[in-house]
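Sending over a structure as structure tokens; questions will come in a sec.
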Amino acid sequence: MPSLITRLPRRALPALAALVLTLPAGCSGPGGPGGPGTVTRPPLAERVAATASPALRAFYDQRIDWAPCSDRAGAEPDGPTVQCATLRVPLDYADPGGRSIEVALARLPAADPGARIGSLVLNPGGPGNSGVGMVRWGWRGYQGALRDHFDLVGFDPRGAGATTPVDCLDDRTREKWNGTDDPSYDRGRVLADACRTRHADLLPHLGTRDAARDLDVLRGALGERRLDFLGLSYGTHLGALYAEEFPDRTGRLVLDGAVERSTDLMHLNAEQAAATETAFRAYATACAAGGGSCPLGTDPATAPKRLADFLDGLKDHPLRAADGREVTAALGWAGVLDVLADGHRSWPRLRGALDPAVERGEGDELLRLADGADDRDEDGRYDSRWDAFAAIHCADAPLAPTDTDLRAALADLAAHAPLTSGHDPRGTLFTPDCRPWPYRSPERPHTVKAPGSAPILVVGSTGDPITPYPWAQRLAAGLEHGVLLTREGDGHTAYDKSECVREAVTAFLVAGRMPAAGTRCPSD
């Protein structure tokens, strides 16, 4: 299935050029009795409300025991030593004296201890992506001033990675779940039943608001008076809810690739499908107009439909890969749309999969794209990230839409995304499908205003196919102290695609220099 409100790929962001920034007067490295590289912990009253229960205060006052990560699989032999730890938080914040869970953490200490100004917490989105992995294997994306001045800290949100992971479907079931084109196969029911069986006790406590409360416990345990945070994609929703819950504890928050939840998930998915359609048409049109042997022909006007017809045709005529697996329409669409999320720089990779598939009926490269989208390894094992994706979304989702709302959304989809949603319009609107979910969230769509927060930097890209640009506009406009920074260009999120954006984000995080409202940046 195509991924909606999706995650960044697990590949590391490209290394950044070093940025030389001068701290404003009054900013300094750490001081206090601990010496360089340490932070004097603020009094408990400054880390949690004085009215908090003793049971909750104990979580804020805990010590994080950092140690080199024991599992260094995939780490660079000569790379810096990343530290790992766990953070204890309540499973249910309404009952902090009850059951607790452990949140997985990773930290890369500041490269220049004498210039250290605090901790920068990172979240890669998803929901369901690993912040621990973002720090352990993606740290090169933050070389320069961020790496020098901040401890980079990542955490696996509850339900994801190594934090109470939600793992509902076995590999055999997941294989069918991802690949079937059978219209009678109820993906939502299959997943809901499996998650209820394995994780009934966790499902009510996996929402973004709970993760935001975990984030505040992490802030307190790190010894930070305020939270400095860089959230990508779904991570922007986490950051926005943090600001709503704890406005007086916001430091410098950057929300890149904004998710804005003033409407329900079904309508957000319809808006996203329209943005995805634009990216899909742009690729096919450029392929046909580029000369040479585009497998979609030489007519830019008809190329998008030719590609959609080819992928839809896999329902009746799936391709066969060398290992005997079939490339179905569900798999073909998943692979194509996942690659298109990265914008035009991913077009050569997509062309390399479509050429043999369309021209010679060879499905191996297209299947490889689908496996990447679905987190399937070469041995047929699946990562559980998509179970976490569904569980977190459904913990945030309100009641199912009415039939009238559904008919209107389907009509909107047919008008604005006829190609990319035609193979499965209801599946496009309900990804994930929370209608049969065993837990019904009390959350309701609303505009996040966060009155009393510090200024928040929202970053949006005009051609983002995953988090459409209007979401960034709405989020920034809704926040009482939101400022919008715009990148002109395609692809999901902006930080790794524009030096101008990187400079602006770094200047804000390190020196507190907010770009002027209305600033627009080109892509690299």
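The values are calculated or read from the model by the stated rules, or taken from the named source; none is laboratory data. This is a predicted model, so every value here is computed, not measured. Neighbour counts are summed over all protein chains in view; Cβ atoms, including those assigned to glycine, are modelled from backbone coordinates with ideal geometry. Accessible surface areas use protein heavy atoms only, side chains included; no ligands, DNA or RNA. Shrake-Rupley method; radii C 1.70, N 1.55, O 1.52, S 1.80 Å.
Check whether at least one residue in the range 203-226 is assigned to a loop (DSSP other than H, G, I, E, B), open to solvent by 10 Å² or more (accessible area, probe 1.4 Å) and without any contact (Cβ under 8 Å) to a residue 24 or more places away in the chain, and report yes or no.
No: the range 203-226 contains no residue that is assigned to a loop (DSSP other than H, G, I, E, B), open to solvent by 10 Å² or more (accessible area, probe 1.4 Å) and without any contact (Cβ under 8 Å) to a residue 24 or more places away in the chain.
Considering only the range 275-297, how many residues are open to solvent by 30 Å² or more (accessible area, probe 1.4 Å) and modelled with pLDDT of 95 or more?
Our first condition is that a residue be open to solvent by 30 Å² or more (accessible area, probe 1.4 Å); within the range 275-297, this holds for 278, 281-282, 285-286, 289-293.
With the extra rule that they be modelled with pLDDT of 95 or more, the set shrinks to 278, 281-282, 285-286, 289.
Qualifying residue count, the range 275-297: 6.
It is to be established whether one or more residues within the range 189-201 are more than 30 Å from K315 (Cα to Cα) and either aliphatic (A, V, I, L, M) or open to solvent by less than 10 Å² (accessible area, probe 1.4 Å) (or both). Write out each step before concluding.
First, pick out the residues of the range 189-201 that are more than 30 Å from K315 (Cα to Cα): 196-201.
Right, trim to either aliphatic (A, V, I, L, M) or open to solvent by less than 10 Å² (accessible area, probe 1.4 Å) (or both) and you get 200.
Yes, that holds for at least one residue.
Sticking with this one: Here is a list: T86, T173. Which entry is surrounded by fewer than 19 Cβ atoms within 10 Å (Cβ to Cβ) and assigned to a strand (DSSP E or B)?
From the options T86, T173, the qualifying one is T86.
For the subset of the range 353-370 comprising residues that are in contact with a Leu (Cβ under 9 Å, 6 or more places away or on another chain) and farther than 16 Å from H317 by Cβ, which member is surrounded by the fewest Cβ atoms within 10 Å (Cβ to Cβ)?
As a first pass, look at the range 353-370 and keep what is in contact with a Leu (Cβ under 9 Å, 6 or more places away or on another chain): 353-354, 356-358, 361-367, 369-370.
Cutting the leftovers down to farther than 16 Å from H317 by Cβ gives us 353, 364-365, 369-370.
Details: A353: 22, D364: 16, E365: 19, L369: 25, A370: 25.
Looking at the filtered set, the residue picked out is D364.
If you don't mind, there's one more thing I want to ask. Any residue in the range 371-381 that is among the hydrophobic types (A, V, I, L, M, F, W, C) and open to solvent by 10 Å² or more (accessible area, probe 1.4 Å)?
no
Exactly one condition in (1) of a type in the set (S, T, Y); (2) in a strand (DSSP E or B); (3) within 18 Å of T250 (Cα to Cα) is false for S461; which is it?
Just one mismatch for S461, condition (3).
Among the residues of the range 475-482, is there at least one that is in contact with a strand residue (DSSP E or B) (Cβ under 8 Å, 6 or more places away or on another chain), open to solvent by less than 10 Å² (accessible area, probe 1.4 Å), of a type outside the set (A, V, I, L, M) and over 25 Å from L350 (Cβ atoms)?
No: the range 475-482 contains no residue that is in contact with a strand residue (DSSP E or B) (Cβ under 8 Å, 6 or more places away or on another chain), open to solvent by less than 10 Å² (accessible area, probe 1.4 Å), of a type outside the set (A, V, I, L, M) and over 25 Å from L350 (Cβ atoms).
Conditions tested, residue by residue: (1) farther than 15 Å from V259 by Cα; (2) in a helix (DSSP H, G or I).
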{"site": "A476", "(1), (2)": "no, yes"}
{"site": "R502", "(1), (2)": "yes, yes"}
{"site": "F508", "(1), (2)": "yes, yes"}
{"site": "M514", "(1), (2)": "yes, no"}
{"site": "A517", "(1), (2)": "yes, no"}
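Among the residues of the range 326-348, how many are over 13 Å from A279 (Cα atoms) and either without any contact (Cβ under 8 Å) to a residue 60 or more places away in the chain or part of a loop (DSSP other than H, G, I, E, B) (or both)?
Residues that pass the stated criteria total 5.
Hey, another quick one. Restricting to the range 417-442, give me the number of residues that are among the acidic types (D, E) and either closer than 15 Å to L265 by Cβ or under 23 Å from the mean Cα position of the chain (by Cα) (or both).
At the first step, the residues of the range 417-442 found to be among the acidic types (D, E) are 424, 433.
Remaining after also requiring either closer than 15 Å to L265 by Cβ or under 23 Å from the mean Cα position of the chain (by Cα) (or both): 433.
The qualifying residues number 1.
Follow-up question, since we're still on this one. Does at least one position in the range 99-116 carry a residue that is within 18 Å of the chain's Cα centre (by Cα) and open to solvent by 10 Å² or more (accessible area, probe 1.4 Å)?
yes
Check off (1) surrounded by fewer than 24 Cβ atoms within 10 Å (Cβ to Cβ); (2) modelled with pLDDT of 95 or more for F155 and give me the number that stays unchecked.
So F155 meets the others, but not (1).
If you don't mind, there's one more thing I want to ask. Can you tell me which residue in the range 415-452 is nearest to R196 (Cα to Cα), limited to those that are out of contact with any helix residue (DSSP H, G or I) (no Cβ under 7 Å at 6 or more places or on another chain) and surrounded by fewer than 16 Cβ atoms within 10 Å (Cβ to Cβ)?
The residue in question is R440.
Among the candidates E499, E488, which residue alone is of a type in the set (D, E, K, R) and under 26 Å from T276 (Cβ atoms)?
E488
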